[in-house]
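Q: Have a look at this one before I ask anything.
The values are calculated or read from the model by the stated rules, or taken from the named source; none is laboratory data. Keep in mind that what you see is a predicted model, and the values were worked out from it rather than measured. Cβ atoms come from the backbone with ideal geometry, glycine included; neighbour counts cover every protein chain shown. Remember, those area values only see protein heavy atoms, side chains included, never the ligands or the DNA or RNA. Shrake-Rupley method; radii C 1.70, N 1.55, O 1.52, S 1.80 Å.
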Amino acid sequence: MMDRIAALGRTGLDVIASLGRACQFLAGVVGGVPKPSVGFPLLVKQLYAVGVLSLAIVVVSGLFIGMVLGLQGYTILSDFGSEAAIGQMIALTLVRELAPVVAALLFAGRAGSALTAEIGLMKATEQLSSMEMMGVDPLRRVIAPRLWAGFISLPILAMIFAVVGVWGGMLVGVEWLGVYEGSYWGNMQASVDFVDDVLNGLIKSVVFGFVCAWIAVYQGYDCVPTSAGISSATTKTVVYSSLAVLGLDFVLTAVMFGNF
Amino acid sequence: MASSAYISLNDVVFSRSGRRIFDGVSLDIPKGRITAIMGPSGTGKTTLLRLIGGQLRPDSGQVVVAGREVPKLKRKELYLLREKMGMLFQSGALFTDLSVYENVAFPLRVHTRLPEDMIRDIVLMKLEAVGLRGARKLMPSELSGGMTRRVALARSIALDPELIMYDEPFAGQDPIAMGVLVKLIRDLNSSMGLTSVLVSHDVPESLSICHYACIIADGKVIGEGTPDELRAHPSERVQQFLKGQPDGPVPFHYPNNDAASDFGIRGGGA
């Protein structure tokens with residue numbers, strides 16, 4: 001019994017120590033902004049790697065999720081003779097919830113894991129150490145551009161996801177199932193509020209972008225520099241990011257839409 | 001020692017994961033000379049280089065480089081001091097997304113505001129010095145192990161440092177590559193007036209080029225001096241290491257139980 005309590009205590013202390021290291025790491029990265037002449041080209045390169053290369057999976061997923069929403073929405077709403085509200089349902093679902101959350105989960109799986117593996121490998125092959133020994137701070141040179149690229153990319157990807165999803169829903173609802181096109185767009189326009197819905201969804205994706213990028217770069221930087229260590233860090237990135245996104249989504253939704 | 005000390009370690013104690021790596025190591029590394037630090041695997045030779053470079057901090061004791069106490073330096077001061085240091089890592093540690101040329105140009109681009117044509121001239125000169133001017137367009141993945149280390153060497157001397165540290169430069173090299181590296185280390189040291197610290201357990205190669213050597217074992221310096229002084233050192237431990245004897249003060253067998261009880265002889269069978 002005492003052993004179990006001791007083990008629990010040790011685990012708790014490890015978690016707190018890890019959180020402390022992650023916060024210290026974040027302060028080092030955020031505080032060490034490189035000069036614009038140096039940092040901007042590095043940021044653009046990472047925006048391409050993290051953001052542009054994630055476009056394909058985000059667009060395809062957005063399209064199919066929009067189409068599924070159209071199909072399910074039509075089936076349910078037509079029971080009540082309300083199929084004209086399908087545009088409203090798809091847009092609100094996507095803008096408020098699915099676009100920020102699913103884009104963040106996809107981002108963690110594609111870009112987050114790649115960031116962790118890349119940084120972990122740089123650590124294992126002593127590239128980060130050699131940078132330090134050359135008088136170059138890897139937090140500024142390697143980590144900061146990747147963190148900011150994730151932070152900037154995810155809100156844009158989430159918006160693209162929502163737009164493509166709405167279009168996918170229209171393909172199914174309007175083009176296939178025959179909902180009147182004017183009702184689809186008109187109901188959407190009348191019910192989606194820019195501040196309450198679009199802006200709140202955007203705020204969610206900004207928070208998710210920051211958290212996912214932070215987890216990804218920290219796991220890479222803090223990993224044990226072996227193949228097993230990198231593999232474990234990559235897994236942790238996906239798991240922790242997914243849990244953080246889902247947990248934070250509940251908190252943010254409660255704050256934004258809870259009407260407390 | 002004839003030359004004044006460029007690096008001084010005074011009573012350095014360092015532990016990691018509950019294990020004491022150094023237990024009061026004191027060592028002076030002379031300026032403008034090649035100093036070899038040797039010792040069995042796992043004795044903390046690379047750790048010693050990281051202490052000198054400020055990547056690790058000792059639990060106690062002093063690490064002084066060029067008159068500055070490294071563990072007490074602020075981050076900015078430490079990075080400025082590191083601009084005077086070059087380090088050749090065991091793996092080479094080339095940036096895999098940059099070509100050979102860009103790897104060597106990297107420290108110049110980061111730390112200087114030289115025009116591009118001057119950077120080009122310096123990079124080609126450094127690559128010429130290591131015999132790889134013709135390989136400047138290759139990527140690190142296209143290089144052999146020996147070539148990787150030569151490119152890494154060119155990169156580490158790009159800023160004309162005062163100190164260069166070599167971490168196991170000969171490990172895993174074929175005889176030709178090893179000969180090339182031995183020649184390069186000797187020539188660079190004499191032509192650039194560098195202070196060189198060479199960490200290795202390749203005894204003949206290290207002793208053939210160093211001016212001064214020390215052997216570390218069990219967290220302490222067990223022998224130091226010129227190569228000739230070391231060869232004549234009275235310590236059995238030093239002689240076992242230098243001659244590569246399989247048994248001696250460092251036993252062949254890992255500490256274990258009585259063999260008879262392990263094989264179940266006294267107990268009457270397994």
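Q: Just A:THR235, A:THR11, A:THR93 to compare: in a GNM of chain A, with alpha carbon springs under 10 Å, which one fluctuates most?
A: A:THR11
Q: Ignoring ligands, DNA and RNA, what percent of the accessible area of the protein assembly as shown is carbon or sulfur (1.4 Å)?
A: Answer for the protein assembly as shown is 61 percent, counting heavy atoms of protein chains only.
Q: Please find, in a Gaussian network model of chain A (springs between Cα atoms separated by less than 10 Å), the residue of A:VAL207, A:VAL166, A:VAL15 whose mean-square fluctuation is greatest.
A: A:VAL15
Q: Which value, in Å to one decimal place, does the Kirkwood hydrodynamic radius take for the protein assembly as shown when every pair of different Cα atoms is included?
A: 27.2 Å
Q: Quick one: angle between helix A:181-191 and the longest Cα principal axis of chain A, in degrees between 0 and 90, rounded to 10, please.
A: 60 degrees
Q: How big is D, in µm² s⁻¹, for chain A by Stokes-Einstein at 37 °C and 0.692 mPa s if Rh is the Kirkwood radius over C-alpha pairs?
A: Answer, rounded: 164 µm²/s.
Q: Given H placed on each backbone N at 1.01 Å, which residues far from B:ILE34 in sequence or on other chains put an amide H within less than 5 Å of it?
A: Residues meeting the criterion, in which the H sits 1.01 Å from N, are B:SER196, B:HIS211, B:TYR212.
Q: Quick one: work out Rg over Rh on the C-alpha atoms of the range B:137-190, Rh as Kirkwood radius.
A: Ratio value, two decimals: 0.96.
Q: To continue, here is another question. Given a 1.4 Å probe, show me the residues in the range A:94-126 buried by at least 50 Å² of accessible surface when comparing the whole protein assembly to the chain alone.
A: Checking the loss per residue gives A:GLU126.
Q: Shifting gears a bit: What fraction of the DSSP beta bridges in chain B is antiparallel, stated in percent and rounded to the nearest 5?
A: 55 percent
Q: Hey, what angle do you get for helix A:227-257 against the long axis of chain A, alpha-carbon based, 0 to 90 degrees rounded to 10?
A: It works out to around 50 degrees.
Q: State the volume of the convex hull built on the alpha-carbon positions of the range B:111-270, expressed per residue in Å³ and rounded to an integer.
A: 188 Å³
Q: How many angstrom lie between the C-alpha centres of the range A:239-260 and the range B:116-130?
A: Using only Cα atoms to place each centre, the spacing works out to 55 Å.
Q: Give the long-range amide H neighbours of B:LEU88: residues separated by 5 or more places, or on another chain, with amide H under 5 Å away, using H modelled in the peptide plane at 1.01 Å from N.
A: Under 5 Å from the amide H of B:LEU88 lie the amide H atoms of B:MET165, B:TYR166, B:ASP167, each far enough along the sequence or on another chain.
Q: A further question follows. Determine the sum of side-chain charges near B:LYS183: Lys and Arg each +1, Asp and Glu each -1, restricted to other residues whose C-beta is under 12 angstrom from that of B:LYS183.
A: In short, 0.
Q: Gap in Å between the Cα centre of the range B:42-63 and the Cα centre of the range B:165-183?
A: Cα centroid to Cα centroid, the span is 23 Å.
Q: For chain B, find the longest principal axis of its Cα atoms and tell me its angle to the long axis of helix B:175-192, 0 to 90°, nearest 10.
A: Roughly 60 degrees between the two axes.
Q: With an 8 Å Cα cut-off and a minimum separation of 6 or more residues, compute the relative contact order for the range A:173-260 in percent.
A: In percent, rounded to a whole number, it is 26.
Q: A further question on this structure: With all pairs of different alpha carbon atoms counted, what Kirkwood hydrodynamic radius in Å does chain B show?
A: Computed over Cα pairs of chain B, the Kirkwood hydrodynamic radius comes out at 20.1 Å.
Q: Kindly identify residues of the range B:90-111 having a loss of at least 50 Å² in accessible area between the isolated chain and the assembly of all protein chains, probe radius 1.4 Å.
A: Buried on complex formation: B:PHE95, B:PHE106.
Q: Quick check for me: using +1 on Lys/Arg Cβ and -1 on Asp/Glu Cβ, what's the dipole size of the range A:60-257 about its Cα centre, in debye to the nearest 20?
A: 600 debye
Q: Same structure, new question: Can you tell which of A:GLY168, A:ALA213, A:SER231 lies farthest toward the positive end of the dipole of the range A:60-257, using +1 and -1 charges on the Cβ of basic and acidic side chains (Lys, Arg; Asp, Glu)?
A: About the Cα centre, the residue reaching furthest to the positive side is A:SER231.
Q: Could you compute how much accessible area chains A and B hide from each other, both sides summed, with a 1.4 Å probe? Nearest 100 Å² is fine.
A: 1700 Å²
Q: Holding the Cα-Cα limit at 24 Å, pick out from B:LYS45/B:LYS183; B:LYS84/B:LYS243; B:LYS220/B:LYS243; A:LYS35/B:LYS126 the pairs that are longer than that.
A: B:LYS84/B:LYS243; A:LYS35/B:LYS126
Q: Among B:LEU198, B:MET178, B:GLY219, whose Cα sits farthest toward the positive end of the charge dipole of the range B:132-266 (+1 at Cβ of Lys/Arg, -1 at Cβ of Asp/Glu, about the Cα centre)?
A: So the residue we want is B:MET178.
Q: Considering only DSSP beta bridges with both partners in the protein assembly as shown, what is the antiparallel share in %, to the nearest 5?
A: Rounded to the nearest five, the antiparallel share is 55 percent.
Q: Less than 12 Å apart at the alpha-carbon level, and either on another chain or at least 8 residues along: which aspartates and glutamates does that give for A:LYS123?
A: Of all the aspartates and glutamates, those that pass the test against A:LYS123 - Cα under 12 Å, at least 8 places apart if same chain - are A:GLU132, A:ASP222.
Q: Where only protein heavy atoms count, and the probe is 1.4 Å, what is the accessible area per residue for the protein assembly as shown in Å²?
A: Spelled out: the 1.4 Å probe surface of the protein assembly as shown, per residue, equals 48 Å².
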